[in-house]
Amino acid sequence: MEWVKRNQITVGATVVVLVAAYVFYGINSNVATSMFSGAWFFAVPLVLGALTGVVGERSGVVNIGIEGQMLVAAFAAFFSASASGSLVVGVLVGMLAGIVMGAFLALTTVKGLMDQIIAGVVINIVATGLTSFFYRPGKVLSANMPQWNVPILSNIPLIGDVFFQSGPIALFALVSVPVVHFALFRTRWGLRTRSIGEYPSAADTAGIDVIRMRLVNVTIGGIFAGAAGAYLSMEATGGFERGMTAGRGFLALAILIFGGWRPLRVFAAALFFGFTNALASQLQGVVNIPQQFITLLPYLLTLVVLAVAAGRVRAPGAVGQPFVKGEGS
Amino acid sequence: MADPRDEPSDGTPVEGAVATETAPPPVLAERGAPPPPTGVLGLLVREQSIIVPIVAVIAALAIGAVLIRAQGVNPTYAYQSLFTYSFGTADGLQATFEKMVPLILCGLAVVIPLRVGLFNIGAQGQLMSGAICAAAAAHAVREAPGFLIAVIAMVAGILGGAMWASIAGALKATRGVHEVISTIMLNSIAAGLIDYLVNGPLKDPSQSYPSSYPAPDGAKFQALGFVPIGLPIALVLAILVAWMLRRTTLGFQFETIGRNRHAASYAGIKLGGMIVLAMAVAGALAGLSGSIEYLEIDPYRYQDGIAGSLGFDGITIALLARSSPLGTIPAALLVGALRAGSSTLMFNTGIQPEIVDMLLAITLLLVSLPIIAKLIFRRHTAKSSALASSWGS
Amino acid sequence: GGTSGPATGSGGGTNSAASGDCSSAQVFCVGLVTDVGKVDDKGFNQAAWEGVEQVKGELGAQTKYVETTDPKDYAKNIKQFTDAKYDVIVTVGFLMADATRAAGKQFPTTKFIGFDQFQADPVVPNVTGLIFHEDQAGYAAGYLAGLMTKTNKIGVVLGQEIPPTQAYAAGYENGAKAANPGVSVSKVYHPAGQNAFNDPVWGAGEAKKMLAQGSDFIFGAGGGTGNGALQETAKTNGAGDKIFCIGVDLDQWDTLPAAHPCLVTSAEKHEKDGIGELLKQIKGNTIKPGNFFGTAGIAPFHDFDSKVPADVKTKVADVVKKLEDGSLATGYKA
Amino acid sequence: MSQPAPETATGGSTAAAPETGSATSRSVPQAQRERLLELDGLSKSYGTVHANRDISLHVERGEIVALLGENGAGKSTLVKQIFGLIKPDRGTITIKGDASPIKDPRDAIRRGIGMVHQHFQLVPVMTVAENMILGNETTSRGVLDIDGARRLVRELSEKHGLRVDPDAEVEDLPVGTQQRVEILKALSRSVDLLILDEPTAVLTPQETDELLKVMKELAAGGTSIVFITHKLREVLAAADRVYVLRQGAVVGEVATADTDARGLATMMVGRDVVLRVDKDEATPGEDVLSIRDLVVLDDRQLRAVDGFSLDVRAGEIVGVAGVEGNGQRELVEAIAGMRPPQSGRIDLLGKDITKANPHETHVAGIGHIPEDRERHGLVASYSLADNLVLNRFSEKPFANGFVRDFDAVRQNAEALFTEFDIRAAGVSAPAGSLSGGNKQKVVVAREMSFGPKLLMAAQPTRGVDVGSIEFIHRRIVAARDTGAAVLLVSAELDEVLSLADRIAVIHGGKVVAEMPGKDAERTEIGRLMAGDH
Ligand SMILES: Nc1ncnc2c1ncn2[C@@H]1O[C@H](COP(=O)(O)OP(=O)(O)OP(=O)(O)O)[C@@H](O)[C@H]1O
Ligand SMILES: Nc1ncnc2c1ncn2[C@@H]1O[C@H](COP(=O)(O)OP(=O)(O)OP(=O)(O)O)[C@@H](O)[C@H]1O
Ligand SMILES: [Mg+2]
Ligand SMILES: [Mg+2]
C-alpha cells in the first residue's frame, strides 16, 4: 500500500485508463477490442526495442542502433526460419542476432571506447546495407507462428482478448516488461546495473566490475531487439522486406525516453502511442478532415504529452560516457 | 587570530618567494602525456585528424573489395567504374557535386546542435519543411523576375527550416523535452502536413501525382559548367559556420553550453535562447538545402523523394567529419561520389548499390574506433570529443 | 511462378558472353530503370522487369536494369543506357515521367516506354506511355468482394494516398457498392512518410483491426504495406473459408506465396503483357507515340476456383468485359 | 587564515574541539601494535609526471596516520593504489603481512580496506540504504534485502553516532550528510584499515569534530586510519604520525606530538608559510550591496533563503558564516542572478538587480567566485585563456562586436598568469589539466581582474592547499583595500574569522546575528550557527 501511495499518479492514471477502456468496451466491444489489440500489436516491437534501450542505457550505454538491431534480427530470424523450416530456430536466431549486434555495440563502445552515438549510427547503416545486400526474394515460412491462449487470463473480457491471446513473441514482450522492471529495481543485478549507469566510479570503488557488467548487459540486452525483429518478420507478418522496421527502432528510442527509462512506463508509453495510432486509422474516412491530419495525430499527441509532462524524465547520469578504470575517482 | 610566532609580513611579494624557493610543480599541457614528437612523425601526429580518415577510407575500400570479389566481380574494375564516373566525367562530377550540396548543409545542421550538446535527428523534417516553403513562396511570387524568385524561395526555405527546428529547440528550452524525441516526432509531422499540402492547397493540378508547382523557369539554378550553383553556396556556408563557431562570440556561447552548461549559465549565457538559436540555425541550413534541391534538381518541384534520406545522411556526414564544419566537405565529397557512382557500378558490374552503404559504414567505423590512430600513432593518439555525453542532459 | 530470378545477376553486365555492342543494328538492347526500389519488390518494378524478361528470348534481346536509389538520379540512370546506345529504355513509375520525356527529346532515335506515365499533349514521338486503369482493376475486385461478402463489411489497406491508390480504392468501393448496395467499405491509407509502401507490419495491423471489426474481404493495395495486410489475413482463423484477401498490381499468387490461404484473386494490371506487347511493337516498328492502355482486371482464382460460386464468376467476368470495352464506368475521375 | 594558529588547535579554545589534542594520550598500548600496512618503494607515473616516487611508509594497527601535501603532491594517487583502483608501476603493498598485489577494489575490500574517496562515490539517485549495500548486497531468493539494508544503516549510525536517514535519496542530502554516508559505507564492511581522502573538505566545524571523534574511537578499537587533509589543525588534533609528500615523494615523517602547524606547513611547501592574514583596519565607504527580505527557493521549491537582509559596504569584507545548507548557496546564486528570487529586493549601488541575469549582474559590477569551481567556474576543456574571459568574452577588447579577438584574450591571460601566479604549461593549456589550487586561482583572477564593485566569494579555498590559500586570502584583502565590497561565504569558520571585518551568521535562511569581525568569538559563532539563539 505504501507503494500505491508513492506512485499515486501512476496508479491513478492506470485506473482512469482502465475504466475508460471498459466503458468503451461496454459501448462497442468489437471496435474497442480491435482498437486495443491494434494498439498492442503496434506497441510490441516498440516495447521490446525500448527494453533493449532500458537495459543498455541504464548500464550507461546509449543505443541509437536499435533500429539496425531490429532490422538485422528480422532478417536473420526470417531467413533462418525459412531455411531450416523451423519457427523455433527462426526466433532463436533472431534473438541471437540481436545479441550479436548488442555485442558489437558493447565491444566498440565499452572496450573500444568508440563514441556511443557513432556506434549506433554505424549499426544502423551496416544493418541497412547488409540486409538489402543479402536479401533474397521468394522465401516463405513453413508455418504461421502459433497463437497461444493463456489459460484463465485469456478469458478476462477485453484484457484477455488484447493481451493473452497472442503469439509467443508478444507474450514474451508482455512478460518481459514486469520482469525487467522487477530485475532493475529489486534485484542485485538491477542495483548494480543502475549504479554503473548512474555513477560508474562509485560502482567501481564498491568492487563492481563496471566494464564487464556493461559488456554483458549491452550484449544480453540485445535479446529484446532481437525478439522485436523476429516479431516483425515472423509474427506480425510472415516475411522480410527491406527496411521493414520502418523507423520503429527510432520510435522505440522515443518511447524509451518518454517512458523515463522505466520498463512499466515504457510499456504505458508504447501503448499510448499504439492507441493513438489505432485511433488515427479508425478515424480515417469517418471524420471529415484530410486523412493526413489524422494520421499525424500520434506524433503530435506524443509531443503535447511530453511538453505538458515536461521535466519529469531524467536520463541515467552516466549514459553516453565511457568508463575508464582509475580515472573517475 | 594572528599567530604571534609568525614573522610579520615585510611586504615582500610572496610570489617571488615561491618562485625562488620551490621549483614549480611539473605542469604540462596534457598532464601525463608524452612530449609531442618532432619531425615527420610530429607532422603526421599533428595532422592525424586528416590522416586517420584517409587511412579509414582506404581500409574500407579494401574490405569492400573482398565483398565485391565475393560477388564474382573484379574489384579493380568495380572501383574504376565507380570513381571514373564520379570524378572523371563531366556528368558524374556534376552529379557528385549536386549530391554534395545537401549533404554538406545537412551535415552542418547536425554539427551545430552537436556543439551545443543537442542531437538533431530532425534535419530530415527541417529540409522538407524548407523545401515546401520554398515551393510555396516561389509559386506565390511566380510573376517576379527569376533571380528574385530564387532569392525569395531560398529565404523562405531558410525560414521554414528554422521555424521547424525551433519548435524542437523551444520544447527543449522551455519544457525540457528531449530533442531526440521531438525531432523524430517532428519529422513525421512534417511528412504528414506536407503530404496534405501537395495533395491540396499547393498541388499542381496539371500533375496527377501529388506535386507542388514547379519552380518558374527563370528561378531554376543553372549549373556553371559542371558546378551546380548550390556547391559554392554550401562551401561558403561551411566556411562561415566554421568561422562562426571558432571566432565569434556566438560560437563561443554555443561551445560553452555544449561543454559545460552550468558554467555557461554562470557566465551569463542564456541557455534557452541559445538552444533555440542553435536549432534555428541548424534548421535554416537544412531548410536552405531543401530549397536548393527544389531550385536546382530536376523536376524542380516538391515531390515525394525530394528529401530522400538526406536528413539522416547529415548525421553520417557529421560523424564522418567528427563534427567539424569544414570536415563536412570531404565527408560529403566521399559520400556524394560513392552515391553518384553507384548506378554506374551497377550498370557495369551488376553490384547492388547497397555496397555504398557498406563502404560508408565501414569507413565510419574505422574513423571512429580509435583503432587506426592507435596503430599508427600509439601514445600520441589525440582524444576526440564525445558526442554521446550530452545524451542525458 | 513468375519470380524468375530478377536478383540473380541479369541486372549487371557480368555475363559478358551475352553482351554485344548495342550500337550495332543487329543487337537489340532493352534497358530498364526502376523507380526507387528494386526489381524484386513484388510490385510494379518487378512486374516491369518480368515483362521485359518474358519476351527476351522471343525478341532475341539483350537486357539489363539499373535500380534507382535516389529519385534525383532518374535522368542519370536513364543516361547510363542512352550512353551505351540501348535501343529501348523502359522507365518505371509516374515519378519518372518528366525525366523520360526529357531523355526522349534528347535521344530521338532511342525508344522509351514510360510505365505508368500518362503522356499529355504534345507527345514526344519516341516515348510511349503504358497506362492502366487501376480503378477498373479495383472495381472488378470490389465487385467480387461485394458479391461474396457474408458480413457486408469489406476493407482495403492502402499505401500512401496518391492517384493510383486513390483509383484502386475508389474502384473497389464503387464496384462493391454496385454489386451489393448494403456493403460498407473501410479503407485506410498509410501515414505519409518514407515507408508508406514498405511497411508490412503496419499493413498487417490494419488488416487485423478490420478483420476484428467484421470485414471478411481485405484488399491489400500498397506494395509491401498491402502485402502485410494480405499475410495477416492469410494467418487469421477462417482464412480461405470465411475470410478472403485480394492482391494488387500483378497476380500475387505468384509473388506472395504467404498469402495463398486467403488469396482469391488480385486486382491486376496486366503489366507484363503490356510491356511485352510494346516491346514487340518496337521490334516490329509498329509502335505509336502517346499512350498505350494496358488491360486491367482480375487475376485467375487459382486454388479458389472451386470456392467462388459459378454465378459470381460469370457476373464478375461480365463486369470485366464491360469495363474493357468501355461500356461500364467505374465512377472514378482522376 | 583557514589554517588555525597552533594555539587554537592545541589550546582547545572551542567547546566543540576534540578533547584529545595529542597522540600521546591515546589509549592503545604500544605493545599491542602490529604492522597493518607497509608500502615499499611504491612508484607510479602518468607519462612524465611522477605522481608517486619510491614511497615507503607503514601504518600500525590502531594508528592514525596523516598524509599531508600540496595539491598534486600525490596523496590520492598513493591511497588509490592501496585500494586497488590503480596499479603501481613498482613497489609492494603489504597488508597484514600479505604482499600479494591488490587486484581491484573488490580485492582490497576483501582484505579489510575501506576508503572514503576525495570525490564522493555515491550514486546520487539511489537511497542511502541502496548505496550502503552496493557491491555487497544480501538477497533472499533473488530479491534485494532492502529492509536489511535499512537496518544496517540504522545500526551503523547508532553505533558511530552519525545520523542518516536510510530512505533519503543521496542527491537530496547536504554534502556533510553525504560524507557521513560515505564513512558509514566504508565502515559497513569490517575494515582494518580505513582510508579517508580529504573527508573534512566539505564538513562544517561541528561535523569535522564529530568525525575526528569517530576516527579516534575507531582507532581505539584497533582500526588503522590513513587520513588525508589540507587542514593542519585536524592533523594535529587527530593523527599520531604524519607523512609529508612533495612532488610525489615522502619528504618527511613526524609524530604530531613533536611538531606544530607551522612546522608542518614548512615541511609541506618547502618554505616558510605565513599562516596569518595580515590586514589593516577596514575603512568602509558607501553601501554597495543591500539585500532586503530576500526569499529564494531551492531546487526542491523550499524556502532556502527566508527573509534575508544584509548590507555590504565598499572597502569591507562581510563574512557569512553558517552551517552548510542554510541557504548560502541559494543566496549567492540569487545575488549573481543565477536563481530568480521569490520575493525581496537586491540593490547594487542603488540599482535594483533583483531580476537581473548573470550577465547583467556581472556588468553591474559583481565578481563571483562560485562555490563549485568545476561545475560553474570553469570549462575544463577550454584553454585557460578562454576561461579567463569566460563571462567577458563579448566585451571589449575581447571581442569586436561579434568577432572575438584572440590576441586580446591571450594578452589578458598572460598578464593574469603572472599577477596571480597561476602555474600551468601555458595560457593555452586546458583548464582541466590544472591542480585544484591553480584552478581556483584562475577563477579568482578572472573575477578580481575586472575591478568588481562587489566581490562575492563562495568557499574560495575549499580543497585548496596551504600555499594557495595564503595567496587567495591576500588577494581578497587586497581587493577590499582597493575599495571593493567583499561578501565572503564560507563554511570554514576559521576563514571567516580571520578575513571578515563584519560577520553575519546565517541560519535557516536568515541572518541571526551580526557582529564585528575583530573580536568575534569562535564558540559564540559556532553556537549561533547551530541554531542556538
Ligand atoms: N589519471 C591521471 N592521469 C594523469 N595524471 C594524473 C592522474 N591522476 C593524477 N595525476 C597526476 O599525479 C599527480 C598527483 O596527483 P594526486 O591526485 O595524487 O594529488 P593529491 O596529492 O591527491 O592532490 P590534491 O590535494 O589536489 O587532492 C598530479 O600531478 C596529477 O596531475
Ligand atoms: N586523467 C587525468 N589527466 C590529467 N590530470 C588529471 C587526470 N585526473 C586527475 N588529474 C589531475 O590530478 C590532480 C589531482 O587529482 P584529483 O582527482 O585529486 O583532482 P582534484 O580533486 O580536482 O584536485 P584538488 O584536490 O586540488 O581540487 C588534479 O590536478 C587533476 O587535474
Ligand atoms: Mg587528492
Ligand atoms: Mg583535492
Is the shape of the range D:378-450 rounded, prolate or oblate, going by the alpha carbon gyration tensor and its root eigenvalues a ≥ b ≥ c, with a/c under 1.5 for rounded and a/b larger than b/c for prolate?
prolate
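Checking a compactness column here: for chain D, what do you get for Rg(Cα) / (2.2 N^0.38 Å), N being the number of residues?
Working: Rg = 23.6 Å, N = 533, 2.2 N^0.38 = 23.9 Å.
Normalised Cα radius of gyration, chain D: 0.99.
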What helices does chain A hold that run 20 Å or longer along their axis, going by alpha-carbon atoms, with a Kyte-Doolittle average of 0.0 or more, using DSSP H for the helix calls?
A:8-27, A:29-58, A:66-84, A:87-106, A:116-133, A:168-186, A:210-230, A:263-283
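Given a 1.4 Å probe, how much area per residue of the protein assembly as shown is accessible, in Å²?
Ligands and nucleic acids excluded, the figure is 36 Å² per residue.
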Do the alpha carbons of any pairs in B:203/C:321; C:38/C:321; C:187/C:235 sit beyond 30 Å of each other, and which pairs?
B:203/C:321; C:38/C:321
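Compute the longest continuous run of chain B that contains no exposed GluC sites (Glu not before Pro); treat a site as exposed when its DSSP state is not H, G, I, E or B and it has at most 13 other Cβ atoms within 10 Å. Present the calculation step by step, with values, prior to reporting the outcome.
Values: sites that count: B:47, B:143.
Counting only loop sites that pass the neighbour cut-off, the longest clear stretch is B:144-393.
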Given a 1.4 Å probe and every protein chain left where it sits, what share in percent of the accessible area of the range D:32-191 is carbon and sulfur?
45 percent
When the accessible area of each residue in the range A:173-196 is compared between its chain alone and the complete protein assembly (1.4 Å probe; ligands, DNA and RNA ignored), which residues differ by at least 50 Å², being lower in the assembly?
A:188, A:191, A:192
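Quantify how strongly other chains surround peptide D:375-387 by giving the mean number of their Cβ atoms within 10 Å of each of its Cβ atoms. Could you put the intermediate results ahead of the total?
Details: counts 5, 7, 5, 3, 10, 3, 6, 6, 1, 0, 0, 3, 2.
That works out to 4 on average.
Please give me, ordered by residue number, the trypsin sites (Lys or Arg not before Pro) of the range D:287-349 that lie in loop per DSSP and have at most 11 other Cβ atoms within 10 Å. Spell out each step's value before the answer.
Numbers: sites: D:292, D:300, D:303, D:313, D:329, D:345; in loops: D:300.
Qualifying residues, ordered by number: D:300.
Take every DSSP beta bridge whose two residues both sit in the protein assembly as shown, then give the antiparallel share in percent to the nearest 5.
Antiparallel bridges: around 40 percent, rounded to the nearest 5.
For the interface of chains C and B, what total accessible area is buried with a 1.4 Å probe, rounded to the nearest 100 Å²?
On the way: alone 14260 and 20270 Å², together 31780 Å².
Buried area (both sides, nearest 100 Å²): 2700 Å².
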Write down the radius of gyration of the range D:409-533 and its Dmax, each obtained from C-alpha positions, in Å.
16.4, 52
About the Cα centre, charge dipole magnitude for the range D:378-450 (Lys/Arg +1, Asp/Glu -1 at Cβ), debye
140 debye
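Interface A/B, total buried accessible area with a 1.4 Å probe, nearest 100 Å²? All intermediate terms of the calculation are to be shown ahead of the outcome.
Details: alone 15940 and 20270 Å², together 32230 Å².
Buried surface at the A/B interface: approximately 4000 Å².
Treating the beta-carbon of each Lys and Arg as +1 and of each Asp and Glu as -1, no other charges, what is the dipole magnitude of the range C:186-334 about its Cα centre, to the nearest 20 debye?
Working: 16 positive and 18 negative charges, 61 e Å.
Dipole magnitude for the range C:186-334 comes out near 300 debye.
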Determine the principal axes of the Cα atoms in the range A:247-312, then give the extent along each, sorted from largest to smallest and rounded to whole angstroms.
38, 22, 18
For the pair residue D:343 and residue B:74, the simple spin-label estimate (label points 7 Å beyond Cα toward Cβ) gives in nm 8.9 nm
Gain upon complete extension [residue D:103, residue D:138; 0.36 nm per residue less C-alpha separation]
10.3 nm
In square angstrom to the nearest 100, the accessible surface buried at the D/B interface, both sides summed with a 1.4 Å probe, amounts to 4700 Å²
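As a test of the definition: which semi-axes, in Å, follow for the range C:259-334 when you take the square root of five times each eigenvalue of its alpha carbon gyration tensor? Largest first, please.
With the √(5λ) rule applied to the range C:259-334, the semi-axes are 29, 17, 11 Å.
Roughly to the nearest percent, how much of the accessible area of the range A:86-205 is carbon and sulfur, given a 1.4 Å probe? Walk me through the numbers on the way to the answer.
On the way: 3240 of 4480 Å².
Carbon and sulfur together cover 72 percent of it.
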A convex hull over the alpha carbons of the range B:102-319 yields, per residue, a volume in Å³ of 116 Å³
What is the projected area of the convex hull of the Cα atoms of the protein assembly as shown, averaged over all directions, in nm²?
59.8 nm²
Cβ neighbours within 10 Å, averaged per peptide: list C:44-50, D:163-169 in order, most packed at the top.
C:44-50, D:163-169
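Expected output is a single nm value to one decimal: the length gained when fully extending between residue D:403 and residue D:372, i.e. 0.36 nm times separation in residues minus the C-alpha distance. What is it? Walk me through the numbers on the way to the answer.
Working: separation 31, 0.36 × 31 = 11.16 nm, distance 2.99 nm.
Roughly 8.2 nm would be gained on extension.
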How big is chain B by the Kirkwood estimate over distinct Cα pairs, in Å?
23.3 Å
So for chain D, taking the charge dipole from beta-carbon charges (+1 Lys/Arg, -1 Asp/Glu), which of D:509, D:245, D:418 sits furthest toward the positive end?
D:245
Any residue on another chain or 5+ positions along whose placed amide H is under 5 Å from the amide H of residue D:249 is listed here as D:53
Along the Cα→Cβ direction, 7 angstrom out, place labels at residue C:58 and residue A:149. What is the inter-label distance in nm?
5.3 nm
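Provide the gained length on full extension for the span residue C:291 to residue C:237, in nm with one decimal, where the gain is 0.36 nm per separating residue minus the Cα-Cα distance.
Values: separation 54, 0.36 × 54 = 19.44 nm, distance 4.45 nm.
Full-extension gain reported as 15.0 nm.
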Using the Kyte-Doolittle scale, which helices in chain D average at least 1.6 and also have C-alpha atoms spread 18 Å or more along the helix axis, with helices defined as whole DSSP H runs?
none
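Is there a simple number for the mean count of other chain Cβ atoms within 10 Å of the Cβ of residues in D:134-143, and what is it? Don't skip to the answer; put the middle values down first.
Values: counts 12, 11, 4, 6, 1, 5, 0, 0, 6, 4.
Counting other chains' Cβ atoms within 10 Å and averaging over D:134-143 gives 5.
Taking chain C on its own, what percent of its Cα-Cα pair distances exceed 29 Å? Could the numbers behind the result be given before it?
Values: 20535 of 55611 pairs.
Summing the P(r) of chain C above 29 Å gives 37 percent of all pairs.
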On a 27 Å Cα-Cα criterion, which of the cross-link pairs A:111/D:185; A:325/D:439; C:177/C:269; C:209/C:272 come out too long?
A:111/D:185; C:209/C:272
Would you mind getting me the FRET efficiency between residue B:41 and residue B:147? Use the beta-carbon distance for r and R0 = 35 Å, nearest 0.05.
0.10
Would you please state which residues of the range D:349-371 a label at residue D:450 would reach in this model, taking the label point 7 Å out along Cα→Cβ and a backbone N cut-off of under 14 Å?
D:357-370
Please work out the C-alpha center-to-center distance from the range B:343-367 to the range C:44-74 and express it in whole Å.
22 Å
Taking each residue of B:277-287 in turn, how many C-beta atoms of other protein chains fall within 10 Å of its C-beta, and what is the average?
0
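Loop-only check: which GluC sites (Glu not before Pro) in the range D:39-118 are DSSP coil with at most 11 other Cβ within 10 angstrom? Write down the numbers at each step before the final one.
Working: sites: D:60, D:63, D:70; in loops: D:63, D:70.
Passing both the DSSP loop test and the Cβ count: no residue.
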What dipole magnitude, in Debye to the nearest 20, does the protein assembly as shown give about its Cα centre under +1 on Lys/Arg Cβ and -1 on Asp/Glu Cβ?
2080 debye
Taking R0 as 56 Å, what FRET efficiency do you get between residue D:478 and residue D:154 from their Cβ-Cβ distance, rounded to the nearest 0.05?
0.65
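Please work out the FRET efficiency for the pair residue A:103 and residue B:65, using the Cβ-Cβ distance as r and a Förster radius of 35 Å; give the result to the nearest 0.05. Working shown, then result.
Values: r = 26 Å, r/R0 = 0.75.
Given R0 = 35 Å and the Cβ-Cβ separation, E is 0.85.
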Hey, rough spin-label estimate for residue A:13 and residue C:152, points 7 angstrom out along Cα→Cβ, what's it come to in nanometres?
4.3 nm
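The values are calculated or read from the model by the stated rules, or taken from the named source; none is laboratory data. Every value quoted in this text rests on a predicted model; they were computed, and no experiment measured them. So basically every Cβ, Gly included, is an ideal-geometry build from the backbone, and we count neighbours across all protein chains shown. Please note that ligands, DNA and RNA were not included when accessible areas were found on the heavy atoms of the full protein model with its side chains. Shrake-Rupley method; radii C 1.70, N 1.55, O 1.52, S 1.80 Å.
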